[in-house]
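A.B. asks: One structure follows; several queries about it will come next.
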Amino acid sequence: MKHNLILRVIAKYLFPVIALFAFYVQFHGDYGPGGGFQAGVILSVAFIFYALVFGLETTEQVLPPYLLRLLASTGILIYAGTGVATMLMGGNFLDYDLLAKNPVAGQHLGIMMIELGVGISVCAVMLLIFFVIAGRGRS
C-alpha cells in the first residue's frame, strides 16, 4: 500500500468529525430524522475510511473481529433486553411506558435504548462484512 502523507493527516482529522456526526445522528434520532441504523452505518464508514487509508491490518488491530462479534451480540441483547424488561414489568414486549414513572419519559428511554442497540449492532455487522470482503485473498 502506498503511503500518502496528506491523506493520512486529513484522515486523522476527519475520523473524529465523522464519529461525532454519527453520535449526533444516534442521540438526535428520537427527536428528528436519524437513529440507530443511520448512526451505525455512519460510524462504520469512519472505520472503513480508516481502513482504506491506514490498511486493513492496522484497523483489525484497533477493532479485532472478536470484538466486533461481541459488539454485534451486545447490541442485540440491548434491544431484546429492553423488550424483556418491559414484559417483566407486566407490559407487552417493548411497551416503553413502563420504563419510567412518567410514560413520556419511559417512551424516550425505551426508544433511546432500542436505537442504541440497533446502532451498535449495525456498526459491528457492517464492519464484519467489510473485513470479510476486504480480507479475501489474504494468506
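A.B. asks: Return yes when Ala80 is crowded, with 16+ Cβ neighbours inside 10 Å and on the phi < 0 side of the Ramachandran plot and no when it is not.
C.D. replies: Considered against the rule, which asks whether it is crowded, with 16+ Cβ neighbours inside 10 Å and on the phi < 0 side of the Ramachandran plot, Ala80 comes out as no.
A.B. asks: Return the pairs, sorted by first residue and then second, in which the second residue is among the basic types (Lys, Arg), the first residue lies in the range 61-89 and is over 19 Å from Ile111 (Cα atoms), the beta carbons are less than 8 Å apart, and the residues are 6+ apart or on different chains.
C.D. replies: Note: no pairs meet the criteria.
A.B. asks: Among Tyr50, Tyr31, which is the only one that is among the hydroxyl-bearing types (Ser, Thr, Tyr) and farther than 23 Å from Arg136 by Cα?
C.D. replies: Exactly one of Tyr50, Tyr31 is among the hydroxyl-bearing types (Ser, Thr, Tyr) and farther than 23 Å from Arg136 by Cα, namely Tyr31.
A.B. asks: Then there is this: Please name all residue pairs, on different chains or six or more residues apart, with Cβ atoms under 9 Å, provided the first residue is in the range 1-21 and is farther than 11 Å from Leu43 by Cβ and the second residue is modelled with pLDDT of 95 or more and of a type in the set (Gly, Ala, Ser).
C.D. replies: Leu14/Ala46; Pro16/Ala46; Val17/Ala46
A.B. asks: Return yes or no: is His3 at pLDDT below 90, loosely packed, with under 13 Cβ neighbours inside 10 Å and either touching a helix residue (DSSP H, G or I) at 6+ places or on another chain (Cβ under 6 Å) or not polar (S, T, N, Q) (or both)?
C.D. replies: Yes.
A.B. asks: From the list Gly81, Gly106, Gly110, which residue is more than 21 Å from Tyr50 (Cβ to Cβ), part of a helix (DSSP H, G or I), out of contact with any helix residue (DSSP H, G or I) (no Cβ under 6 Å at 6 or more places or on another chain) and of a type outside the set (A, V, I, L, M)?
C.D. replies: Just a single option satisfies the conditions, and that option is Gly81.
A.B. asks: Still on this structure, please answer the following. Can you tell me which residues in the range 90-102 are in a helix (DSSP H, G or I) and either loosely packed, with under 13 Cβ neighbours inside 10 Å or among the hydrophobic types (A, V, I, L, M, F, W, C) (or both)?
C.D. replies: Listed by number, the residues that qualify are Leu98, Leu99.
A.B. asks: Select from the range 109-139 the residues that are surrounded by fewer than 16 Cβ atoms within 10 Å (Cβ to Cβ) and not aliphatic (A, V, I, L, M) and write down the one among them that is farthest from Tyr31 (Cα to Cα).
C.D. replies: For the range 109-139, the residue satisfying everything is Ser139.
The values are calculated or read from the model by the stated rules, or taken from the named source; none is laboratory data. Since the model is a prediction, treat every value here as computed from it, not as a measurement. When we count neighbours, we look across all protein chains shown, and the Cβ atoms used for this are built from the backbone with ideal geometry, even at glycine.
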